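Here the structure comes first, spelled out in structure tokens, and everything after it is commentary.
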Amino acid sequence: MSKKKIKDPHSIRESEKYSNPIPSREFILEILKQNNRPLTRRNIGKLIAVKGEEQTEALRRRLRAMERDGQLLRNRKNAYGIVSKMNLITGRVMGHPDGYGFLIPDEGGEDLFLSDREMRIVLHGDRAIARISGVDRRGRKEGTIVEVIKHGNERIVGRLFADAGIYYLIPNNRRISQDILIPPDRLHNAKEGQIVEIEIIAHPNRHRSPLGNVINVLGDHMAPGME
């Protein structure tokens, strides 16, 4: 572990914002760059001389915020690494009606192609971190979703369908190509064919389709204003 000592370049700014100043994001990123490997929260705390429960909790919150914003990624050993140094890209998911999609990088540059398989674990509008996994047949950089850091859809409007007793919503927004499964106890008297608004109660992952709960029946399909 690096022994080089550096000072927080934004300590004055942080002291003006907090009565008990916490390390700036820039300082934490510099510490990780110097060590050139992921570090646990405990190791980061030692390097920046965090003291007491209040500062320890403040560091935990700051690291979680940096993780949420796509600056850091926490691995299986609970160590934090810099996303930009791990060949990872943070951006917004843009779906296509045909099932595939793209990750639009926050930093600009070439969009990352997401296959229909990768799009099964995200929804159009999500913010996610992806890894470049190769090049497709058309020469486009192809990505693998590493983590969803912010969901872009909490409520979705669409038409309710049923097949063999299984209810599902097909969203009006064609960029959301996944069907949203609706458990029987979440129908709330909605009927097949109706246009409804649902809230997402479980977002998709590699083992599960998204689940929804009907919160509003907007009308029947092809009724005035619904066509």
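The values are calculated or read from the model by the stated rules, or taken from the named source; none is laboratory data. Just so it is clear, the model here is predicted, and its values are computed rather than measured. Note that each Cβ is placed from the backbone with ideal geometry, even for glycine, and that neighbours are counted across all protein chains shown.
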Scope the stretch 200-222; condition closer than 21 Å to Met119 by Cβ and assigned to a strand (DSSP E or B); matching residues: Ile200, Ile201, Ala202, Asn205, Arg208, Leu211, Gly212
Starting from the stretch 29-49, keep only residues that are farther than 13 Å from Leu72 by Cα, then list their pairs with residues that are of a type in the set (Asp, Glu) and crowded, with 16+ Cβ neighbours inside 10 Å whose Cβ atoms are within a distance under 9 Å, requiring at least 6 positions of separation or different chains. Ile48/Asp8
Would you mind stating whether Leu211 is over 14 Å from Glu154 (Cα atoms) and at pLDDT 95 or above? no
Checked Leu32, Leu59, Leu114, Leu47 against criteria (within 19 Å of Val146 (Cα to Cα) and crowded, with 17+ Cβ neighbours inside 10 Å); the one match is Leu114
Against the definition (surrounded by fewer than 21 Cβ atoms within 10 Å (Cβ to Cβ) and farther than 24 Å from Phe102 by Cα), how does Gly165 come out, yes or no? yes
Would you tally the residues in the stretch 136-181 being closer than 18 Å to Ile89 by Cβ, in contact with a Phe, Trp or Tyr (Cβ under 9 Å, 6 or more places away or on another chain), assigned to a strand (DSSP E or B) and free of Cβ contacts under 8 Å to residues at least 40 places away in the same chain? 2
When you scan the stretch 37-68, how many residues do you find that are out of contact with any helix residue (DSSP H, G or I) (no Cβ under 8 Å at 6 or more places or on another chain) and not in a helix (DSSP H, G or I)? 4
